[in-house]
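Participant: Below is a structure I'd like to ask you about.
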Amino acid sequence: MAATDAPKPTLRQRLNDSDLWLAFKDSPIAVAAAITTVLIFVLAFFAPVFAPQDAFNPAALNLMDGFTHPMERGAGSSMLFVLGSDAQGRDMLSALFYGTRVSLIVGLCSVGFSMVLGISLGLIAGYVGGRVEQLIMRIADIQLSFPGLLIALLIFGVARGLIPPNKHETTALFVIIIAIGLAHWAQYARTVRASAMVERNKDYVQAARLIGIKGLPIMAKHILPNVMGPVLVIATINLALAVIEEATLSFFGVGMPVTQPSLGTLIRFGQQYLMSGEWWILLFPALTIVILGLAINLLGDWLRDAMNPKLR
Amino acid sequence: MTQPVLSVRNLKVEFVTRRGTLRAIDDVSFDIAPGEVLGVVGESGAGKSLTGTAIIGLIDPPGRIAGGEILLQGKRIDNLDKESLRRIRGKRIGMIFQDPLTSLNPLFKISEQLVETIQTHSDMDAGQARQRAIDLLTEVGIPAPEKRIDGYPHEFSGGMRQRVVIALALAAEPELIIADEPTTALDVSVQAQIITLLKKLCRERGTAVMLVTHDMGVIAETADRVAVMYAGRIAEIGPVREVVQHARHPYAKGLMGAIPTLKATASRLVQIPGSMPRLTAIPRGCAFNPRCSEVFARCHVERPDTIKVGKSQVACWLYDTKKEAAA
Amino acid sequence: MFGYLIRSVLQAIMVMVAVAFIAFSMFRYVGDPVASIVGQDATIKDRQELADSLGLNDPLILQFGRFLGNAAKGDFGISYRQGRPVATLLRERLPATIELAVISAALALFIGLGLGIYTALRRDGWAANLVMSLSLIGVSLPTFLIGIGLIYFFGVVLRWLPTFGRGETVAFGWWTTGLLTESGRKSLILPVVTLGFYQLTLIMRLVRSEMLEVMRADYIRFARARGLTDSTINFRHALKNTMIPVVSITGMQLGSIVAFAITTETVFNWPGLGALFVKSVEVVDIPVMGAYLMFVGLIFVVVNLVVDMLYFLIDPRLSAGRTVAAK
């Protein structure tokens, strides 16, 4: 028996020694992507703290500041507009912070929703087996081949039909989160179900069933730690997708409304000014989405490669 | 002495990983004479398969040959360019892998896979190549070869598939065959047939064989000489009878003692305590010293030279006739 | 063999029925068919009578059956918004979407396939790495931004290409095509690039990862060990084996390209089905939404059927009666 005379490694030592951390330190891209993502998150969530202006409070705006060029002072309030201002004198930088916050909220919540839904369905499918499993997996397969956009649009439309028009704006956030969330559960379900299929035949599950204890919670306890790695990879890539989808929906005009705009809504506004020369109203929100999407995707890609045992 | 078909001298194979450079094969040397069957045994992870892979030049990054020489008929092959190496493969050195199911491309007929191999290494046209393929199948014992040759791999049983694999490996008449666990994936009843077949074909052609396996029974039946590997090094190498019946290296002794035989009188199988060290934690001196029942001071300090004992060579200080005072 | 085909067709029918049921549920329960016909002042009794005459109080199965029957005839009711039969709307807009989708799909397929193979084989070259980086950007860029960007550069700044619409079209019966006029062709370029780009990156990454996976397989190793040339291994063996998962997934992708066209059509004001759908979501025009869903479902099912047939031709294991394991 290889005797370990050395003291048990501390958590910090174990983390430092872990393959994942080593791979992370080695990869400048991963580090850059991670830093960018964290930066954007912090700026967005603490928007009230960082933003020079309370961008979506009409009282804080001065119409005379409208259409200020980037890095110039507004004609009305003499405030420095680092990224310029839009038609109503709204500071683009601040608008960016608040808008990103909305985009990220939608992204994170919808991913959370998809995860919970997908993992649950995957566990059920794997545990129960038979017809139920086949049905769930079939639906998952079909859904995976359709763009999430179509499904989200459909759900959104149906929700709109069911919710009275005067409540549309206030419920927009929830509807979007659910719409995008429902469009993406399938990947999680597949992964979890594959793990579940392996586990359900194991002795401890059979034994539990025999005694009459529900095997499902016990199985879940064993599966979830193993499956967290791939789930995390899916979630990261999913997040980028969700943010982009939300932006697309808002761009179409069926997403976040003017009162609670996301980056997509901002782009929608900016588009009409592109041709008339106020390019900054469109460019900066667009750039933000691209950088955000890229950073998250890079992280997700890197994470997937790092977790793939065959590539080590 | 006739020139050996294969000569491996001080071979070192390393893997460059994030955690540092691991040496998987550490200074391994042996020869294989023409027509001889050399068995290579050891636990999983000892480096036996890797040695075969290194010889035929198929090590994938992050692994690489870090030192030593490999000579085929006296000429170095470890430093050849890609194309020269490719021409040697199949034509002069053949290799058989463990799992016949995954060794054959499921989407191509057997005839296609045979003919392309034959045509790569000769000038035959399609008709001649096909005929040769049928002849090969007859030799390996596939019944009704003219009919079955157009079948797909999944239409053959495990044993039949391995016969096809052997046919493919012998198609270009190589001088040496490296057989990497050729029977491990087969049913017990089929294993003997395949080994017998391999032995017969190679004897007929004078082909040398490097037989890598962890099945000592196969070695005892088939090999002329055997090398026992441990932690990337050779512990003992010698004529099969000598090593099996009178092993000298403590590890080899333990290995032979652990083979269950029909006339065993003891009720428990002999076990070697402990397990082979991981590549990141190979002990200083002799790699076996933590588990050796006859260990002494020198074993912890110096790595043993290969010492000639009888007709074998043993890497163990126990046999050092020029014993130094450091014992 | 026929078992496989029949099974595929049956599955296709089941999917269609499921999709139809969803569409039917939308028609029946979201929005109120009765309210859209009568005004605010109608009494409860009037509504009941109307509901009866519309068949809204019949058993569900009957209603569904009626719905299916109508759908088969191409009757999807009247658009809430436009007051015209939905079928007419669909027919007007179909050619625009089909032309866009087919051309984009073909482009994405060929270039994606080629690039995928190239980046798999020349894995460490600078060109391959560049392409992979660009593809990552492609996956991160929202399609509508690509569209806007292209419009700005090529339409506004350079003024080479039109920025919206289909240009002039030529009519053949009820079909209209933009391919026969110069303005029509020019108008196709930017939308095709926009729509095809995302598909292209997906296909490329898929082909690359599948091919890399295949290159690690045992049969490729054995092929190497037999001395087959690189070109034989890469383009005869590896390629064929890569095709199986690629065909299946690519098929599914392309089957839904009509749906992917939604964004492109909106950005370019392309008068196709996708733009129609978005409008209908905005104003909750249920008949149009439902009809679009069924149409997309139909295309998806048909393409999948074709893919299943292709699968059958490529993989000899299927003709033996076994089904290919679902990925």
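The values are calculated or read from the model by the stated rules, or taken from the named source; none is laboratory data. Quantities reported herein were computed from a predicted structural model and do not represent experimental measurements. As a convention, Cβ positions derive from the backbone with ideal geometry for all residues, glycine included, and neighbour counts pool all protein chains shown.
Participant: Out of the residues in the range C:261-294 that are facing chain A (nearest Cβ under 10 Å) and under 13 Å from the mean Cα position of the chain (by Cα), state the one that is nearest to A:Gln271 (Cα to Cα).
Facilitator: For the range C:261-294, the residue satisfying everything is C:Thr263.
Participant: Looking at the range A:160-177, can you tell me whether even one residue there is more than 26 Å from A:Val102 (Cβ to Cβ) and either out of contact with any Gly (no Cβ under 6 Å at 6 or more places or on another chain) or surrounded by 22 or more Cβ atoms within 10 Å (Cβ to Cβ) (or both)?
Facilitator: No, the range A:160-177 has no match at all.
Participant: Now for a different question. Please work out if B:Ala192 is without any contact (Cβ under 8 Å) to a residue 40 or more places away in the chain, in contact with a helix residue (DSSP H, G or I) (Cβ under 6 Å, 6 or more places away or on another chain) and either more than 9 Å from every other protein chain (Cβ to nearest Cβ) or assigned to a helix (DSSP H, G or I) (or both).
Facilitator: no
Participant: Then there is this: For C:Gly3, indicate whether it is at pLDDT below 80, farther than 28 Å from C:Trp175 by Cα, out of contact with any helix residue (DSSP H, G or I) (no Cβ under 8 Å at 6 or more places or on another chain) and in a helix (DSSP H, G or I).
Facilitator: For C:Gly3, the condition - at pLDDT below 80, farther than 28 Å from C:Trp175 by Cα, out of contact with any helix residue (DSSP H, G or I) (no Cβ under 8 Å at 6 or more places or on another chain) and in a helix (DSSP H, G or I) - is met.
Participant: Quick check, is C:Ser187 over 25 Å from the mean Cα position of the chain (by Cα) and small (Gly, Ala, Ser)?
Facilitator: No; evaluated as a whole, the condition is false for this residue.
Participant: Hey, B:Leu186 hits all of (1) outside any helix (DSSP H, G or I); (2) over 17 Å from B:Asp99 (Cα atoms) but one; which does it fall short on?
Facilitator: Condition (2) is where B:Leu186 drops out.
Participant: Hey, another quick one. Please determine, by comparing only the residues of the range B:7-42 that are polar (S, T, N, Q), at pLDDT 90 or above and surrounded by fewer than 17 Cβ atoms within 10 Å (Cβ to Cβ), which one is nearest to the chain's Cα centre (by Cα).
Facilitator: Among them, the one singled out is B:Ser29.
Participant: If you don't mind, another one. More than 30 Å from A:Gln271 (Cα to Cα) and within 14 Å of another protein chain (Cβ to nearest Cβ): does that describe A:Ile119? First the steps, then the outcome.
Facilitator: On the way: more than 30 Å from A:Gln271 (Cα to Cα): yes; within 14 Å of another protein chain (Cβ to nearest Cβ): no.
In short, no.
Participant: Here's another thing I want to ask about it. Kindly indicate whether B:Pro273 is modelled with pLDDT of 75 or more and assigned to a loop (DSSP other than H, G, I, E, B).
Facilitator: yes
Participant: Please specify each residue of the range A:21-58 satisfying the condition of being surrounded by 17 or more Cβ atoms within 10 Å (Cβ to Cβ), modelled with pLDDT of 75 or more and within 14 Å of another protein chain (Cβ to nearest Cβ).
Facilitator: Scanning the range A:21-58 gives A:Ala30, A:Ala33, A:Thr36, A:Thr37, A:Ile40.
Participant: If the requirement is being modelled with pLDDT of 80 or more, farther than 28 Å from C:Thr263 by Cβ and either more than 10 Å from chain C (Cβ to nearest Cβ) or touching a Cys at 6+ places or on another chain (Cβ under 7 Å) (or both), which of these qualifies: A:Gly181, A:Gly130?
Facilitator: Numbers: A:Gly181 fails: farther than 28 Å from C:Thr263 by Cβ.
Every option except A:Gly130 fails the conditions.
Participant: In addition: Could you check the range A:281-308 and list, in sequence order, the residues that are buried (at least 21 other Cβ atoms within 10 Å of the Cβ) and within 30 Å of A:His69 (Cβ to Cβ)?
Facilitator: Listed by number, the residues that qualify are A:Ile281, A:Leu282, A:Phe284, A:Pro285, A:Ala286, A:Thr288, A:Ile289, A:Leu292, A:Gly293, A:Ala295.
Participant: Oh, and also: For the range C:162-205, which residues satisfy the criterion of being assigned to a loop (DSSP other than H, G, I, E, B), among the aromatic types (Phe, Trp, Tyr) and loosely packed, with under 15 Cβ neighbours inside 10 Å?
Facilitator: Applying the first criterion (assigned to a loop (DSSP other than H, G, I, E, B)) to the range C:162-205 yields C:162-169, C:173-174, C:178-181.
Then drop every residue that is not among the aromatic types (Phe, Trp, Tyr), which leaves C:164, C:174.
C:Trp174 - this is the single residue of the range C:162-205 that is assigned to a loop (DSSP other than H, G, I, E, B), among the aromatic types (Phe, Trp, Tyr) and loosely packed, with under 15 Cβ neighbours inside 10 Å.
Participant: Would you confirm whether any residue within the range C:240-260 is at pLDDT 80 or above, more than 25 Å from the chain's Cα centre (by Cα), in a helix (DSSP H, G or I) and buried (at least 21 other Cβ atoms within 10 Å of the Cβ)?
Facilitator: Yes, the range C:240-260 has at least one match.
Participant: Being under 26 Å from B:Ser7 (Cβ atoms), more than 13 Å from chain C (Cβ to nearest Cβ), out of contact with any Phe, Trp or Tyr (no Cβ under 7 Å at 6 or more places or on another chain) and β-branched (Val, Ile, Thr) is the requirement here; does B:Thr213 meet it?
Facilitator: Values: under 26 Å from B:Ser7 (Cβ atoms): yes; more than 13 Å from chain C (Cβ to nearest Cβ): yes; out of contact with any Phe, Trp or Tyr (no Cβ under 7 Å at 6 or more places or on another chain): yes; β-branched (Val, Ile, Thr): yes.
Taking the combined requirement at face value, the residue satisfies it.
Participant: Continuing with the same structure: Select from the range C:273-287 the residues that are modelled with pLDDT of 85 or more and in contact with a Ser or Thr (Cβ under 7 Å, 6 or more places away or on another chain) and list them in ascending order.
Facilitator: The answer is C:Leu273, C:Gly274, C:Ala275, C:Val278.
Participant: Of all the residues that make up the range B:130-148, how many are under 19 Å from B:Phe108 (Cα atoms) and either among the polar types (S, T, N, Q) or over 27 Å from the mean Cα position of the chain (by Cα) (or both)?
Facilitator: Final tally of qualifying residues: 8.
Participant: Here are the criteria: (1) surrounded by fewer than 17 Cβ atoms within 10 Å (Cβ to Cβ); (2) away from every other protein chain (no Cβ under 14 Å). Tell me which single one B:Met160 does not satisfy.
Facilitator: Looking at each condition in turn, B:Met160 falls short on (1).
Participant: Take A:Val258 and tell me if it is touching a residue at least 60 places away in the same chain (Cβ under 8 Å), of a type outside the set (Lys, Arg) and under 30 Å from C:Asp285 (Cβ atoms).
Facilitator: Judged against the criteria, A:Val258 is not a match.
Participant: Quick one: C:Ser231 ticks every box in (1) surrounded by fewer than 20 Cβ atoms within 10 Å (Cβ to Cβ); (2) farther than 30 Å from C:Gly147 by Cα; (3) under 31 Å from the mean Cα position of the chain (by Cα); (4) more than 10 Å from chain B (Cβ to nearest Cβ) except a single one, so which number is it?
Facilitator: (3)
Participant: Within the range C:58-81, how many residues are free of Cβ contacts under 8 Å to residues at least 60 places away in the same chain, surrounded by 10 or more Cβ atoms within 10 Å (Cβ to Cβ) and part of a loop (DSSP other than H, G, I, E, B)? Talk me through it step by step, then tell me what you get.
Facilitator: Residues of the range C:58-81 that are free of Cβ contacts under 8 Å to residues at least 60 places away in the same chain, as a first pass: C:58-70, C:72-75.
Right, trim to surrounded by 10 or more Cβ atoms within 10 Å (Cβ to Cβ) and you get C:58, C:60, C:62-70, C:74-75.
Applying the additional criterion that residues be part of a loop (DSSP other than H, G, I, E, B) yields C:58, C:74-75.
Selection size over the range C:58-81: 3.
Participant: Also: Can you name every residue in the range A:228-244 that is more than 17 Å from A:Ile291 (Cβ to Cβ) and either touching a residue at least 24 places away in the same chain (Cβ under 8 Å) or within 14 Å of chain C (Cβ to nearest Cβ) (or both)?
Facilitator: The answer is A:Gly229, A:Pro230, A:Val231, A:Leu232, A:Val233, A:Ile234, A:Ala235, A:Asn238.
Participant: Quick check on my filter: what residues within the range A:58-94 are within 26 Å of the chain's Cα centre (by Cα) and either among the charged types (D, E, K, R) or farther than 22 Å from A:Leu274 by Cβ (or both)?
Facilitator: A:Asp91
Participant: What pairs come out if I take residues in the range C:195-208 that are within 21 Å of C:Leu121 (Cα to Cα) and pair them with residues that are not in a helix (DSSP H, G or I) whose C-beta lies under 9 Å away, six or more apart or interchain?
Facilitator: Close Cβ pairs satisfying both conditions: C:Arg208/C:Arg123.
Participant: Continuing with this model, one more query. Check every one of the helices (runs of 4 or more DSSP H) wholly within the range B:81-149 and list those with 2 or more residues that are surrounded by 17 or more Cβ atoms within 10 Å (Cβ to Cβ) and within 12 Å of chain C (Cβ to nearest Cβ). Step through it out loud before you land on a result.
Facilitator: Values: elements: B:82-88, B:100-103, B:110-121, B:126-139, B:145-148.
Per the criteria, B:82-88, B:100-103, B:110-121.
Participant: Let me ask something else. Restricting to the range C:210-226, give me the number of residues that are assigned to a loop (DSSP other than H, G, I, E, B), modelled with pLDDT under 90 and crowded, with 19+ Cβ neighbours inside 10 Å.
Facilitator: 0
Participant: Out of everything in the range B:178-193 that is modelled with pLDDT under 90 and β-branched (Val, Ile, Thr), what residue ends up being surrounded by the fewest Cβ atoms within 10 Å (Cβ to Cβ)?
Facilitator: If we take residues in the range B:178-193 being modelled with pLDDT under 90 and β-branched (Val, Ile, Thr), then B:Val188 is surrounded by the fewest Cβ atoms within 10 Å (Cβ to Cβ).
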